[in-house]
1. Output the number of residues of segment 29-75 satisfying the condition of being surrounded by 15 or more Cβ atoms within 10 Å (Cβ to Cβ), at pLDDT below 85 and in a loop (DSSP other than H, G, I, E, B).
2. Which of the residues belonging to segment 15-28 are modelled with pLDDT under 90 and surrounded by 17 or more Cβ atoms within 10 Å (Cβ to Cβ)?
3. Quick check, is Leu113 within 14 Å of Gln25 (Cα to Cα), at pLDDT 90 or above and exposed (fewer than 12 other Cβ atoms within 10 Å of the Cβ)?
4. Name the residue that is modelled with the highest pLDDT, counting only residues in segment 76-98 that are within 18 Å of Ile32 (Cα to Cα) and of a type in the set (Val, Ile, Thr).
5. Kindly establish whether Met127 is part of a helix (DSSP H, G or I) and either within 17 Å of Ser29 (Cβ to Cβ) or not charged (D, E, K, R) (or both).
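The values are calculated or read from the model by the stated rules, or taken from the named source; none is laboratory data. These numbers come from a predicted model, not from an experiment. Positions of Cβ are generated from backbone atoms using ideal geometry, with glycine treated the same way; all protein chains shown enter the neighbour counts.
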Amino acid sequence: MLGNVVNAPVMSILEAAMQASNLRQQVISNNIANVNTPNFKRKELVFESVLAKALYPEEEDNGDLKLAKTNAKHLPDSVSTDAFAGPMIRNDNSTTMRTDGNNVDPDIEMASLAKNTLYYNALVREMNLNITKLNNVIKG
């Protein structure tokens with residue numbers, strides 16, 4: 001029973017989001033480090049859309065009864081780890097910022113870095129809140 005509480009879907013989703021945020025930090029740092037490298041194409045991490053597809057797959061009408069959600073913020077009844085492949089790193093070949101073929105814009109990268117830092121801090125705060133709640137329940 002305790003294993004079900006500790007391994008709740010919320011905790012695993014938060015863990016995956018924190019790992020993706022850490023990887024995003026590395027990708028953004030790599031982009032900034034290569035701002036002056038000729039023909040370097042920036043990379044970006046795709047996570048939120050991949051996670052959303054894993055959590056809310058296209059519902060097929062096969063006659064089975066579906067779990068009714070009364071609020072868009074409700075989590076699904078089960079999270080399939082098989083459907084979630086994790087974050088993906090994608091090359092951005094759509095633009096060229098300079099004549100040497102590099103498409104890294106330092107201002108955009110720094111803004112992405114700040115956004116990712118806020119996102120990671122929010123995830124840590126939420127994880128701490130869940131651990132505190134679990135600790136309170138255990139202690140009684």
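1. Within segment 29-75, residues that are surrounded by 15 or more Cβ atoms within 10 Å (Cβ to Cβ), at pLDDT below 85 and in a loop (DSSP other than H, G, I, E, B) number 1.
2. Hits for segment 15-28 are Ala16, Ala17.
3. It is false that Leu113 is within 14 Å of Gln25 (Cα to Cα), at pLDDT 90 or above and exposed (fewer than 12 other Cβ atoms within 10 Å of the Cβ).
4. Ile89
5. So Met127 fits the description; yes.
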